[in-house]
Amino acid sequence: MKLGFNEATALKCQGQSLMADLEACEKNGFDYIEIRTDCLKAYLEEHSLDELKSWFDTHNLKPWAYNTLEFFNMRDEAGEKEIDEHVDFVIEVCNAIGMKTMIIVPTFDVGFVHMDEIHEEAVKRIRELADKVKPHGIRVSLEFCGVPTCTINQFGTAYKVVEAAKRDNVGITLDTFHFYAMGSKLEDLEQADPKRIFIYHVNDAENLPIGNMFDEHRLWPGEGAVPHEKISAVLNKIGFDGVATIEEFRPEYYEMSHEDNLRTSKEKIAAHVNKYFS
Ligand code: ZN
C-alpha cells in the first residue's frame, strides 16, 4: 500500500510551508501528498503552478488529492457561487500538476434539517460538481466529518449519497478519526465497494465519548481508541487497495520540529500499513 501525507499533520509546526512539506515528504520516502488550500494559496503568493509542476516532475513524490473544497452542500446562492469559483481554482490546480482527486467536506450548523432533505440536496449538488470536473479527469471524494453538527457525519449516510449520485467519479473519504468519532458502523463499511473508497485518512482518537471530540483530539495511529484492527480487517475483506494517508491536527504534534513531525508521521503510517495490510 502506498503512503500519503496530509498537510494538516504539520500545519502549525515552525517553518512549515508547502515547499517544506514537499521536501520533507520526499526525504522521508512518502509516495503522495495531499495539498491543503491554505498552504497552496500561501505558496502561490511567491510561486507559480508551473514551478510546482516542475518540482513534481523532478521528484518521486506525487500529488494525491486537493484538500479541501469545504462546505459544498446546503448553501445559499452566494455560497454556491463561492463553491463554483473554488472548483474552477481546483480544476486549474489539478490540470497544472496532474492531481486527480478533490476532497469535499459537508456544511456544518445548518439547524434542524431532516436527513432525507440533506441527502437529496447533497446528491444533486455532488452530481453538479462531479459533472463539472469530469472532463478534466478529476474525482470527487466526499469526506463525512464525525461531528454532531455536520450535515453528513457518518460513513453510512455519506455512502448513500455517493451511491445515489451514480457517477463514476464520485467516491468516499474514509477518515478513521471521523469514522470513530460519530460511531460509524463497520457493517456499513462492509457493504462498500472498495473502488468507491477514494481516500483513506489514518489517525487515532482519544478515548472520549462518541459525538464529543474534535480534530485536536486526534492521535498517531495505534495510540488511541479507534478500532483499527476491525476497520482494517473489513478493508482487507472487501479488497480495498489504495493509499494510506496520515492526517493529524494535534496541537502537541505542532510543537514538534517540522523535521521530527514528518519523520514520525512516516514511521507511524508505515507501521500501520505493515501491521494491517500485506
Ligand atoms: Zn480527513
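Bear in mind that the values in this text are calculations on the coordinates, not laboratory data. Just so you know, these numbers come straight off a predicted model, no measurement behind them. Every residue, glycine as well, gets a Cβ built from its backbone with ideal geometry; the counts of neighbours run over all protein chains shown.
In the stretch 163-211, what residues are in a helix (DSSP H, G or I) and either exposed (fewer than 15 other Cβ atoms within 10 Å of the Cβ) or away from the ligand (no atom under 16 Å from the Cβ) (or both)?
Those that are in a helix (DSSP H, G or I) and either exposed (fewer than 15 other Cβ atoms within 10 Å of the Cβ) or away from the ligand (no atom under 16 Å from the Cβ) (or both): Glu163, Ala164, Ala165, Leu186, Glu187, Asp188, Glu190, Pro194, Lys195, Arg196.
Write out, first by first residue and then by second, each pair whose Cβ atoms fall under 9 Å of each other, whose residues are 6+ apart or on separate chains, and whose first residue, in the stretch 177-197, is β-branched (Val, Ile, Thr) while the second is assigned to a helix (DSSP H, G or I) and within 16 Å of the ligand (Cβ to nearest atom).
If the second residue must be assigned to a helix (DSSP H, G or I) and within 16 Å of the ligand (Cβ to nearest atom), the pairs left are Ile197/Leu189; Ile197/Leu235.
If you go through the stretch 242-260, how many residues are closer than 19 Å to Thr176 by Cβ and in contact (Cβ under 8 Å) with a residue 60 or more places away in the chain?
Qualifying residue count for the region: 9.
Would you mind finding the one in Ile104, Ile126, Ile118 that is buried (at least 19 other Cβ atoms within 10 Å of the Cβ), more than 16 Å from the ligand (Cβ to nearest atom), under 19 Å from the mean Cα position of the chain (by Cα) and not in a loop (DSSP other than H, G, I, E, B)?
Ile126
With respect to the numbered conditions (1) of a type in the set (Ser, Thr, Tyr); (2) in contact with a helix residue (DSSP H, G or I) (Cβ under 6 Å, 6 or more places away or on another chain); (3) more than 16 Å from the ligand (Cβ to nearest atom), which one is the sole condition not fulfilled by Ser54?
(2)
For the stretch 153-160, check the following and say yes or no: at least one residue is in contact (Cβ under 8 Å) with a residue 60 or more places away in the chain and buried (at least 17 other Cβ atoms within 10 Å of the Cβ).
So far as the stretch 153-160 goes, no, none of its residues is in contact (Cβ under 8 Å) with a residue 60 or more places away in the chain and buried (at least 17 other Cβ atoms within 10 Å of the Cβ).
Output the number of residues of the stretch 1-30 satisfying the condition of being acidic (Asp, Glu) and under 16 Å from the mean Cα position of the chain (by Cα).
Counting residues in the stretch 1-30 that are acidic (Asp, Glu) and under 16 Å from the mean Cα position of the chain (by Cα) gives 1.
Evaluate the following for Gly156: is it within 23 Å of Ile197 (Cα to Cα), in contact with a Ser or Thr (Cβ under 9 Å, 6 or more places away or on another chain), within 16 Å of the ligand (Cβ to nearest atom) and outside any strand (DSSP E or B)?
Taking the combined requirement at face value, the residue does not satisfy it.
Among (1) in contact (Cβ under 8 Å) with a residue 60 or more places away in the chain; (2) in a strand (DSSP E or B); (3) of a type outside the set (S, T, N, Q); (4) under 25 Å from Glu23 (Cβ atoms), which single condition is Ala270 missing?
Going through (1) in contact (Cβ under 8 Å) with a residue 60 or more places away in the chain; (2) in a strand (DSSP E or B); (3) of a type outside the set (S, T, N, Q); (4) under 25 Å from Glu23 (Cβ atoms) one by one, Ala270 breaks only (2).
Looking at Val226, Val234 in this structure, which one is in contact (Cβ under 8 Å) with a residue 40 or more places away in the chain and in a helix (DSSP H, G or I)?
Of Val226, Val234, the one residue that is in contact (Cβ under 8 Å) with a residue 40 or more places away in the chain and in a helix (DSSP H, G or I) is Val234.
In the stretch 133-150, what count of residues is obtained for those that are over 15 Å from Thr68 (Cα atoms) and crowded, with 24+ Cβ neighbours inside 10 Å?
Here the count works out to 1.
Kindly evaluate Asp38 against the criterion of being within 16 Å of the ligand (Cβ to nearest atom), loosely packed, with under 15 Cβ neighbours inside 10 Å and under 27 Å from His201 (Cα atoms).
Yes.
Taking Phe89 as meeting all but one of (1) aromatic (Phe, Trp, Tyr); (2) within 16 Å of the ligand (Cβ to nearest atom); (3) not in a loop (DSSP other than H, G, I, E, B), write down the number of the exception.
For Phe89, the failing item is (2).
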